[in-house]
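Enquirer: Sending over a structure as structure tokens; questions will come in a sec.
The values are calculated or read from the model by the stated rules, or taken from the named source; none is laboratory data. This is a predicted model, so every value here is computed, not measured. Please note: Cβ atoms are built from the backbone with ideal geometry, for glycine as well, and neighbour counts cover all protein chains shown. Calculation scope for accessible area: heavy atoms of the full protein, side chains included, ligands and nucleic acids excluded. Shrake-Rupley method; radii C 1.70, N 1.55, O 1.52, S 1.80 Å.
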Amino acid sequence: MGSMTALATRFWLKVDKDGPVSAVGTPCWQWTAATNHKGYGKIGIGQGKWGLSHRVAWLLERGEIEDGQMVLHRCDNPGCVRPDHLFLGTAQD
């Protein structure tokens, strides 16, 4: 995934930390750059590959995501990248 420091610098420049207050009770940190058709942010991660912004936020702040795990939103906002609004789970969650 290229240089994590360079990725982190690019990543956080694309985040608005004054987003709407969610059902979680704190503001969402809204992704302000490219999104996919479902509203999830995306960012180039090197070698012509894209990463979903909420997954990249998890990687930058919390570390690796195990195989079979998904990064889910407590706030139900697909554009949110606030680490404390995210949790690991499965499709059943």
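Enquirer: Computed from the mean reciprocal separation of all distinct C-alpha pairs, what Kirkwood hydrodynamic radius does region 53-93 have, in Å?
Expert: One over the average 1/r among Cα pairs gives 10.1 Å for region 53-93.
Enquirer: Hey, another quick one. Tell me the Kirkwood radius of region 7-50: reciprocal of the mean inverse pair distance over distinct alpha-carbon atoms, in Å.
Expert: One decimal place: 11.6 Å for the Kirkwood radius.
Enquirer: Right, here's the next one. With charges set only on the Cβ (+1 for Lys and Arg, -1 for Asp and Glu), what does the dipole of the chain come to about its Cα centre, in debye to the nearest 20?
Expert: For the chain, the charge dipole is close to 320 debye.
Enquirer: Sticking with this structure for a sec: Roll a 1.4 Å probe over the protein heavy atoms and report the accessible area of D84 in Å², nearest 10.
Expert: Roughly 80 Å² of D84 is accessible to a 1.4 Å probe.
Enquirer: Using the Karplus curve 6.51 cos²θ - 1.76 cosθ + 1.60 with θ = phi - 60°, what ³J(HN,Hα) values do you get for each residue of region 55-72, in whole Hz, with x for Gly and Pro?
Expert: Karplus values, whole Hz, x for Gly and Pro: 5, 5, 4, 4, 4, 5, 9, 10, x, 4, 10, 5, 3, x, 8, 10, 9, 10.
Enquirer: With the other protein chains left in place, how much accessible area per residue, in square angstrom, belongs to the chain at a 1.4 angstrom probe?
Expert: Accessible surface, normalised per residue, equals 60 Å².
Enquirer: Debye calculation, C-alpha points only, no solvent: report log10 I(q)/I(0) for region 16-92 at q = 0.14, 0.17 Å⁻¹, in the same order as the q values.
Expert: Here the Debye-derived log intensity ratios amount to -0.42, -0.63.
Enquirer: Compute all pairwise cysteine Cβ distances in the chain, then list the cysteines with no distance under 4.7 Å to another cysteine.
Expert: C75, each lacking another Cys Cβ under 4.7 Å.
Enquirer: Still on this structure: Among all the aspartates and glutamates, which ones have a C-alpha under 20 Å from K17's C-alpha, if same-chain residues fewer than 8 places away are not counted?
Expert: The qualifying aspartates and glutamates are E61, D76, D84.
Enquirer: Follow-up question, since we're still on this one. Considering the dipole of the chain built from charges on the beta carbon (Lys and Arg +1, Asp and Glu -1) around the Cα centre, which of P78, A91, T26 is farthest to its positive end?
Expert: So the residue furthest toward the plus end is P78.
Enquirer: I've got another one for you. Take the solvent-accessible surface of the protein heavy atoms, probe 1.4 Å, and return the percent of it on the chain that carbon and sulfur atoms account for.
Expert: In the chain, the share of accessible area belonging to carbon and sulfur is 50 percent.
Enquirer: I need to check one value: relative contact order of region 45-93, counting alpha carbon pairs closer than 8 Å and at least 6 residues apart, in percent.
Expert: Rounded, it is 37 percent for region 45-93.
Enquirer: Count neighbours as other Cβ atoms within 10 Å of each site's Cβ, and list the GluC sites (Glu not before Pro) in region 16-93 that are DSSP loop with at most 11 such neighbours.
Expert: E64, E66
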